[in-house]
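Peer 1: Can you read through this structure? Questions will come right after.
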Amino acid sequence: MPDHLAGKGAEYPASSPIGQALPDIFAKLDRWRQDFGSPLLIAVSGGGDSMALCRMASLWAKASGASVHAVSIDHGLRPGSADEAAQAIAWARALGLPGEVVRLDDRPAQGGLQAWARQARYQALASVARRVGTKLILIGHTWDDQVETICWRLARQSGLDGLAGIAELAINPFAPLEAPNLLGRPLLGLKRAELRAWLLREGQGWLEDESNQNLDFARIRTRKLVGEMAAQEVDLERFIRLAATADALRKAQEQATLDLLKRSTLSPSPAGWHLDAATFLAAEPVFAERALGWLIYSLTQADHPPEADKLGRLRAGLLANPTQRRTLGGVVVARKGDALLLMPAPPRRGQIACLRPTAQSLWARLFAVSRQPHEFVTQ
């Protein structure tokens, strides 16, 4: 065990959730530092979850000698947001972490504020990550976020990927192709109440977001429903066990999908991806469709791969009429001799053409999409 891990958590009761979790969280941050390099970037909103992560990251950085850079995103959506972002960074700096506030000014005139805020936030984080030279952004999602996400996806009849819940390591979907990065979530095993109790004992302040009470947002309605289930003594751990089972099945599917891409001799083409059509289309539908989703996703900056039913229709169409070009998710899929080609579609009128990805950025984004973080780093 590294010296800085020895006894870590001993200053907290061994029976406490934080005392039990800190050594594992420190070890996880060590592995990520080894895999992805230093510094690490941490997103700090000032809320309880992010301040708990900020405080833990500070303890780890001091013990290990690692570098952690904090950033708070001011969405400018309500009065006082600039002060809140400044307070979050002031707390981070008091903990010994350098940091900065990034202000978002180009919000839409009407509608879609939540979707805009999420995309703009992760784009801003990607920009800071590129500037400070990091490939990993730490996010303070918790056990409660995991349960709420699974309940939300169950209500939407999500497939295996959705039921697998929030991934501990996942691609930042809004990072540019030429500088991809990952989101790391080390707190998924801890509950909000546990983190806030620890912050109180530590004398650490945090902010409460008023929008967390706004039932106009689907996320908040789901949170309220989860709270009602807990009040009725529903065993919410069942959702976590369901996610673990779905995640294990997902990983098996992903490995089989990677094997299929290798057998199909996947390679970057000047415009996108090139693979052997006969081998690829003869595979089990579930693996071929997952692979198509990955390849399409890797060529775009969409928030998620195309839906499963659309991928199924795409594969069926490729089998039924091999010579017909098809477009899905902003990507053209076409047969050329024995090859299957995937390339970004030409921009529509008024759209700005996307930069053509390099072979290196294509591999990096594909490995990030397919949850292969080590390949993501080394390609």
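Peer 1: I'm told Arg223 meets every condition in (1) buried (at least 18 other Cβ atoms within 10 Å of the Cβ); (2) of a type in the set (D, E, K, R); (3) modelled with pLDDT of 95 or more except one. Can you identify the failing condition by its number?
Peer 2: If we test Arg223 against (1) buried (at least 18 other Cβ atoms within 10 Å of the Cβ); (2) of a type in the set (D, E, K, R); (3) modelled with pLDDT of 95 or more, just (3) comes out false.
Peer 1: Could you give every pair whose Cβ atoms fall below 7 Å, whose first residue belongs to the stretch 176-188 and is at negative phi, and whose second residue is of a type in the set (Lys, Arg), counting only separations of at least 6 or pairs across chains?
Peer 2: Listed pairs, sorted by first residue: Leu177/Arg365; Ala179/Arg130; Pro180/Arg365; Asn181/Lys135; Leu182/Lys135; Pro186/Lys28.
Peer 1: Another question, then. Just to be sure I understand the filter: pairs with C-beta atoms under 8 Å, separated by 6 or more residues or on different chains, first member in the stretch 15-36 and within 11 Å of Leu190 (Cα to Cα) and small (Gly, Ala, Ser), second member assigned to a loop (DSSP other than H, G, I, E, B) and open to solvent by 40 Å² or more (accessible area, probe 1.4 Å). Which pairs pass?
Peer 2: Hits for this filter: Ala21/Gly189.
Peer 1: Does the stretch 112-132 hold any residues that are open to solvent by 60 Å² or more (accessible area, probe 1.4 Å) and of a type outside the set (A, V, I, L, M, F, W, C), and which are they?
Peer 2: Listed by number, the residues that qualify are Gln114, Arg118, Gln119, Arg121, Gln123, Ser127, Arg130, Arg131.
Peer 1: Among the helices (runs of 4 or more DSSP H) lying completely within the stretch 96-170, list those that include at least 3 residues that are not aliphatic (A, V, I, L, M).
Peer 2: 113-132, 143-155
Peer 1: Within the stretch 280-324, track down each residue that is hydroxyl-bearing (Ser, Thr, Tyr) and over 14 Å from Pro173 (Cα atoms).
Peer 2: Hit for the stretch 280-324 is Thr323, nothing else.
Peer 1: Kindly indicate which of Glu233, Glu289, Glu254 is open to solvent by 50 Å² or more (accessible area, probe 1.4 Å) and not in a strand (DSSP E or B).
Peer 2: That would be Glu233, the only listed residue that is open to solvent by 50 Å² or more (accessible area, probe 1.4 Å) and not in a strand (DSSP E or B).
Peer 1: So which residues in the stretch 230-258 are touching a helix residue (DSSP H, G or I) at 6+ places or on another chain (Cβ under 8 Å), of a type in the set (A, V, I, L, M) and farther than 21 Å from Val286 by Cα, if there are any at all?
Peer 2: Leu236, Ile240
Peer 1: Return the pairs, sorted by first residue and then second, in which the second residue is in a helix (DSSP H, G or I) and open to solvent by 40 Å² or more (accessible area, probe 1.4 Å), the first residue lies in the stretch 292-312 and is hydrophobic (A, V, I, L, M, F, W, C), the beta carbons are less than 7 Å apart, and the residues are 6+ apart or on different chains.
Peer 2: Final answer for the pair search is Ala308/Glu289; Leu311/Glu289.
Peer 1: Kindly indicate which of Gln87, Gln34 is open to solvent by 10 Å² or more (accessible area, probe 1.4 Å) and at pLDDT 95 or above.
Peer 2: It is Gln87.
Peer 1: Hey, another quick one. Any residue that is open to solvent by less than 40 Å² (accessible area, probe 1.4 Å) and modelled with pLDDT of 95 or more - is there at least one of those in the stretch 102-111?
Peer 2: Taking every residue of the stretch 102-111 in turn, at least one turns out to be open to solvent by less than 40 Å² (accessible area, probe 1.4 Å) and modelled with pLDDT of 95 or more.
Peer 1: Can you spot a residue in the stretch 208-228 that is on the phi > 0 side of the Ramachandran plot and without any contact (Cβ under 8 Å) to a residue 24 or more places away in the chain?
Peer 2: Within the stretch 208-228, none of the residues are on the phi > 0 side of the Ramachandran plot and without any contact (Cβ under 8 Å) to a residue 24 or more places away in the chain.
Peer 1: Would you check which residues across the stretch 171-197 are outside any loop (DSSP other than H, G, I, E, B) and more than 12 Å from the chain's Cα centre (by Cα) and list them?
Peer 2: Arg192, Ala193, Glu194, Leu195, Arg196, Ala197
The values are calculated or read from the model by the stated rules, or taken from the named source; none is laboratory data. No experiment lies behind these values; they were computed from the predicted model shown. In this analysis, Cβ positions are derived from the backbone assuming ideal geometry, glycine residues included, and neighbour counts consider all displayed protein chains. Note: accessible area is taken over every heavy atom of the protein model, side chains too, but ligands, DNA and RNA are not part of it. Shrake-Rupley method; radii C 1.70, N 1.55, O 1.52, S 1.80 Å.
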